[in-house]
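Heads up, the thing below is written out as C-alpha cells.
Each value in this text was obtained by applying a stated rule to the coordinates, not by laboratory testing. Fair warning: this is a prediction, and the values are worked out from it, not measured in the lab. Heads up, the Cβs are rebuilt from the backbone with ideal geometry, glycines too, and the neighbour counts pull from every protein chain shown.
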Amino acid sequence: MMEVGQIRPGMIVEIPQDLVVQYAADIRPTHGVFAGADLAKTGVVFPIIRALVGEDLISVAPRSVPLAAKWRIFTRPKLVNEIREGIRAAKLRVPPKSIVSGSDPEMFVMGKAGVIPAWKFLHDKKLATSMDYQEPFWDGFQAEFCPEARECLQQHVDGIRRHLVRLLAKAQKIDPKARITSDNTIQVPDSVMKEASDEEVRFRCTPSLNVYRDGGNPTPQPREYKFRFAGGHIHAGFGSKKFTTPVVSEIIRALDGILGIAGVSLAANFDTPERRKMYGRAGEFRLPNHGIEYRVLSNFWVGHPAVAHLVLEVFRGAIKFAESGLYNICWEKPSDEEIREIINECDVVRARKILVDNVACLQGILKEKLFKGREYYGSTFMSADVLPSAIKAICNGIESVVKDPGDVHKNWHLEDGEPWRDLCMSKGASWASVL
C-alpha cells in the first residue's frame, strides 16, 4: 500500500470503483497504470490512472482524494505486456493532455570582427521584462528572447521567427554585416573580454534543479574562462495545477531518456562536451509557476523552423509518455547513470543505439494516432508520409534529412525577401514541407 505522493508513474494500481462510475458496469476497469497526480492550489490531489479498455488506454476521471490515502500496488506482467505491445504496434491511443509550449532560446551574433556582445545592441533583461518580453535582451555575450507560449506549436514557432527578425535588425544597426549564428559554444577573444565590464562578463544563470542531484562543475572565474554558451530551454505549462514530486521526477527522467538522448543524436555536429561542463547537464530543470522548464538542450534546434517543430513535438510527446506511465513501461532504456553519461559527454554512438532500439516508441510519440485530440487531428506537421524522415533525422542526425540546418538566415527567410506565412506555412517551415 502506498500514498499518492509516493507512487511513480508506470506502477499498476487497483482503481477505486468510485473513480470509474462514468463507465458502463461491464467495462469498468479494476486495475490500471498510475499516470499522474495533480495537486491543485488548494492542496486537493487528483490522481490520474490509465486503464486498458479494448484498444484504448482510457483516462479514469480523477476525483479529489486525500494525499495520504492508501493505494494498493500490484505486479501485473500481462497488463504491462499488453500495453507495451499495443504502444509499440501503434494500436493503443492515449488521451491527450493540454500542454502550453514555450521557450527562451539564446543566440550569438557574429560580425566582421567576431562575436558582437549582445549588450552593445540590446536592452538588459530587467528592462525587457518590464516590456513584457516583446524584445530580445542581452544575457551575457549572447542574446535571449522569450516567444509567447502557445498550445499551438505553429504559433510558437512563428513567434520565434518574429524575435529573430527583431534581433537581426537591432544587431545590423551597429554592424550591417551582422549574422545570427547557430553555434552554441564560442571562445571570446581576449580583446573583447578586456573591454567588457565585470557585470557584462559574469555568469548570469542561477543554479538549476537537477533530478539526479548533480551540481556540475564549480563556476570558474568569468574573465579567465573564455568559453560562452547558448541554451535552448523549453517550457511546458499545465494550467493551475502542479504535479506531485514523483510525477515531476518521472517527467524529467523521461525528457532525458527520450528528448535528451534524441538531442545528442540530432545535434551531433552542433553540441560540445565543453558546454555541458557548465550548462545543460542531464537532469537540469526548473519549476516556474506555469509548469516545467527543461534546461538540457542547447540552441541547435533554433537553426531551422522544421527542426524546432520536431524537437517541440518530441518534448511534448515525452511528457505525455511520462505522465501516462508509458516511459517506464514501453521505453527500452539503460540506467540513469548511463543516460547521464551519454548526455553529459555528447556520446552520439550510444545515444543512437538507444534510439534505434526505440524506433517503435518514437513513431508512436510522433504519430497522431497515438495521441488523439484536436491538436493532432488533420495536422500538417507530421503526416504519415513524412514520419520516416523525422525518425531518420532523430536516429542519424539533422543533416541526414535537412540541408544546412544551421543556416539561421536562410532557413527562417530573414534576408532573402521570401515572405513568411503565418502558422509556418512557408516552404520548409514545418516538417511537412521540409523535404
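Here are a few things to note about the model shown:
- Here the chain is treated with +1 on each Lys and Arg Cβ and -1 on each Asp and Glu Cβ, and its dipole about the Cα centre works out to around 520 debye.
- Within a Gaussian network of the chain (alpha carbon springs, distance under 10 Å), most fluctuating of Val165, Val247, Val307: Val165
- Over segment 2-88: Kirkwood hydrodynamic radius from C-alpha pairwise inverse distances, Å: 13.4
- GNM result for the chain, Cα springs below 10 Å: residue of Glu418, Glu345, Glu144 fluctuating most strongly: Glu418
- Look at where the Cα atoms of segment 1-64 and of segment 312-346 average out, and the two centres are 22 Å apart.
- Interchain or long-range residues, amide H under 5 Å from Gln142's placed H: Ala118
- With a Förster radius of 45 Å applied to the beta-carbon distance between Arg213 and Thr75, the computed FRET efficiency rounds to 0.95.
- Karplus 3J(HN,Hα) series, Hz, for segment 175-185 with 6.51 cos²θ - 1.76 cosθ + 1.60 (x for Gly, Pro): 8, x, 9, 4, 9, 7, 10, 8, 4, 10, 9
- Couplings 3J(HN,Hα) of segment 209-220, computed from phi: 6, 9, 5, 9, 6, 9, x, x, 6, x, 5, x Hz, in residue order, whole Hz [Karplus 6.51 cos²θ - 1.76 cosθ + 1.60, θ = phi - 60°; x for Gly and Pro].
- Restricting the GluC sites (Glu not before Pro) of segment 1-109 to loop positions (DSSP other than H, G, I, E, B) with no more than 13 neighbouring Cβ atoms within 10 Å leaves Glu55.
- Rough spin-label spacing in nm, given labels placed 7 Å along Cα→Cβ, for Glu85 and Asp190: 6.8
- Sequence-distant residues sharing a close amide H with Glu3 (under 5 Å, placed H): Trp71
- Exposure proxy order (Cβ contacts within 10 Å, fewest to most) of Met278, Met1, Met107: Met1, Met278, Met107
- Per-residue ellipticity at 222 nm, computed for the chain from helices alone with -39500 (n - 2.57) per DSSP H run of at least four residues, works out to -8500 deg cm²/dmol.
- Here the Karplus curve 6.51 cos²θ - 1.76 cosθ + 1.60, taken at θ = phi - 60°, turns the phi angles of segment 86-93 into couplings of x, 5, 5, 9, 6, 9, 8, 10 Hz, with x standing for Gly and Pro.
- Net charge over other residues, Cβ less than 12 angstrom from the Cβ of Ser433 (K, R count +1; D, E count -1): +1
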